[in-house]
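Let me begin by presenting the structure, written as structure tokens, before commenting on it.
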Amino acid sequence: PQARAYILDAIRPALRRDSDPGFWVAKDSWSPPKMQCFYVEQFGRLTEGMPIPHAPEHPVYLSSPLDTGTASGEYFTLKPDAEMAIDQRFDDAGSLVFDTMPLARDHDYLGRPVLTLALRSRASGGNLCARLVDVHPDGTATRVTFGVVNLTHRDGNADPKPLTAGETVSIRLVLDACGYRFRKGHRIRLSLSTAYWPMILQPSEDGGIEIDIASLGLGLPMLGEHRSIEIDEPANPDPLPKYIEHAAAATKRQVVRDLSSNRTKYRIHEDTGLYEHPETGLSTRQLREEVWSISPDDPLSMTGISTWTCDMRRSGWFVRTVATARIACTATDWIISAIVTAFEDDVQIFEKVFAEKKIARDLM
């Protein structure tokens, strides 16, 4: 077949998922999927059908707290733990959400959802994040897929243009590809936010946007004609050598909201532990520590610091590198700096300082 895909079956967010329920499908020939279309009806319900042509405007103002996005997980995940997106109700609280009625049957999708809408900005720039969410009968909210756009790049990255305050622009946002089954009794939710921090950084102005929900259209790619297939488990599901543990791994992710200082911090602690390769005798360890900080109402308050420590050792030999990078911002510039230090047997043998540098935002 030209395409094989795994369709996730109404999964639930969890701190650890060793496997996800679902099923394999094959398409002997791939063609653009037929889209199931949804619009927002007069009472704010996501409803199957097309937006009503020439309907009167129904503007809704949206300005998400700048710390909306702490349930997003990692942009590029390496393991199935807290790097994965968690329950979306945390981020939905700072978003504009539209739900369907509980579904009367299962809905299967495969492909890239497409969102179209018209909006007006109150500033020269801004971000828009769209998330497709599976709302379970008990309210648990699973992120199925998402897409983000810098609104000054609405017509592409080659020639970004600032927004004109008060001018209506049309947006077409293609979300990431997904294969997913929404179960009978669940609801499909569209969540829109103007922030998705710390996955994406905020614009220099936080003026918010007015979305004409009468213009909003959501197209979901239907699975269509396919056949069910079985994919054999690998003959050896664990082919890596059995490393010798000298120090255990540890992972911590924390969101700290300081109500006194009106500041949110997102902390990451990733320690691979110290493990020795059984054939080479080389032991390695990587320690990643990051702190991202922002005030929910101040786009220029963002800071980030990331430190990576990498160790390698054998009997009688030890080397370490420590790299620390920082980022902050002003209304016109990103401010970055870094330092790299190397050690041999706990003696510093090298250091390079990347002095503070300003990079013009240039509609970023």
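What shape does the range 223-364 take by its C-alpha gyration tensor, where a ≥ b ≥ c are the square roots of the eigenvalues and a/c under 1.5 counts as rounded, a/b above b/c as prolate, and the rest as oblate? Don't jump to the answer; show the numbers that get you there.
Numbers: a/c = 2.19, a/b = 1.21, b/c = 1.81.
Because a/c hits 1.5 or more and a/b fails to exceed b/c, the range 223-364 counts as oblate.
Quick one: accessible area per residue over the chain, 1.4 Å probe, rounded to a whole number of Å²? Kindly include the intermediate steps, with their values, before the conclusion.
Working: 19430 Å² over 364 residues.
Ligands and nucleic acids excluded, the figure is 53 Å² per residue.
For Glu225 and Met364, what is the calculated FRET efficiency with R₀ set at 51 Å and r taken between the beta-carbons, to the nearest 0.05?
Working: r = 43 Å, r/R0 = 0.84.
In this case the efficiency is close to 0.75.
Order Arg285, Arg16, most accessible first, counting only protein heavy atoms with a 1.4 angstrom probe.
Values: Arg285 70, Arg16 145 Å².
My answer, sorted largest first, is Arg16, Arg285.
What value, in deg cm²/dmol to 500, does the helix sum -39500 (n - 2.57) over DSSP H runs of n ≥ 4 give at 222 nm once divided by the residues of the chain? Intermediate values should be presented prior to the final figure.
On the way: 1 runs with 4 residues, N = 364.
My calculation for the chain gives 0 deg cm²/dmol from helical runs alone.
Arrange the peptides 49-57, 232-240 so that the one whose residues have, on average, the most other Cβ atoms within 10 Å appears first.
Details: 49-57: 10.8, 232-240: 6.7.
Output ranking for 49-57, 232-240: 49-57, 232-240.
Dividing the alpha-carbon radius of gyration of the chain by 2.2 N^0.38 Å (N being the number of residues), what value is obtained? Numbers along the way, then the final one.
Details: Rg = 23.5 Å, N = 364, 2.2 N^0.38 = 20.7 Å.
With N residues counted in the chain, Rg over 2.2 N^0.38 Å equals 1.14.
For the chain, set up a Gaussian network in which alpha carbons nearer than 10 Å are linked by springs, and say which option among Val135, Val322, Val353 fluctuates the most.
Val353
If you take the beta carbon distance between Arg326 and Thr280 as r and set R0 to 41 Å, what does 1/(1 + (r/R0)^6) give as a FRET efficiency, to the nearest 0.05? List each step's numbers first, then the result.
Values: r = 35 Å, r/R0 = 0.86.
Efficiency, from the Cβ-Cβ distance: 0.70.
What translational diffusion coefficient, in µm²/s and rounded to a whole number, does the Stokes-Einstein relation yield for the range 129-277 at 10 °C and a viscosity of 1.306 mPa s, taking the hydrodynamic radius as the Kirkwood radius over Cα pairs?
Working: Rh = 20.7 Å.
Reported coefficient: 77 µm²/s.
Is the range 1-128 rounded, prolate or oblate when judged by the Cα gyration tensor, a ≥ b ≥ c being the square roots of its eigenvalues, rounded requiring a/c under 1.5 and prolate requiring a/b larger than b/c? Write out the running numbers ahead of the final one.
On the way: a/c = 1.92, a/b = 1.23, b/c = 1.56.
Note, shape of the range 1-128 comes out oblate.
Show me, bin by bin at 5 Å from 0, the whole-percent P(r) of the range 120-209 based on Cα pairs.
The distribution over the range 120-209 is 3, 13, 20, 21, 16, 11, 9, 6, 2, 0, given as percents.
Quick one: Karplus J couplings for the range 191-206, per residue in order, coefficients 6.51, -1.76, 1.60, θ = phi - 60°, nearest Hz, x for Gly and Pro?
Working through the residues one at a time gives 10, 10, 9, 9, 9, 8, 9, x, 5, 10, 8, 7, x, 6, 10, 10 Hz.
At 1.4 Å probe size, with the rest of the protein present, what percent of the exposed accessible area of the chain is carbon and sulfur atoms?
Details: 10480 of 19430 Å².
On the chain, the fraction of accessible area on carbon and sulfur atoms equals 54 percent.
Under the definition of Cα pairs under 8 Å and six or more residues apart, what whole-number percent is the relative contact order of the chain?
On the way: 928 pairs, mean separation 63.1, N = 364.
Relative contact order for the chain comes out at 17 percent.
Enumerate the calculated ³J(HN,Hα) couplings along the range 63-76 in order (Karplus 6.51 cos²θ - 1.76 cosθ + 1.60, θ = phi - 60°), each rounded to whole Hz, writing x wherever the residue is Gly or Pro.
9, 6, x, 5, 9, 5, x, 6, 9, 7, x, 7, 5, 10
Name the residues of the range 181-214 whose amide N is less than 13 Å from a point 7 angstrom out from the Cα of His153 along the C-beta direction?
From the range 181-214, the list is 200-203.
Order these peptides, 74-87, 91-104, 110-123, by their mean beta-carbon neighbour count within 10 angstrom, highest first. Mind showing how you got there, number by number?
Values: 74-87: 14.6, 91-104: 17.6, 110-123: 20.4.
Descending mean neighbour count gives 110-123, 91-104, 74-87.
The values are calculated or read from the model by the stated rules, or taken from the named source; none is laboratory data. Predicted model, so just to flag it, every value in this text is computed and none were measured. Glycine gets a Cβ as well: all are built from the backbone with ideal geometry, and neighbour counts include every protein chain shown. Surface areas here come from the heavy atoms of the whole protein model, side chains and all, with no ligands, DNA or RNA. Shrake-Rupley method; radii C 1.70, N 1.55, O 1.52, S 1.80 Å.
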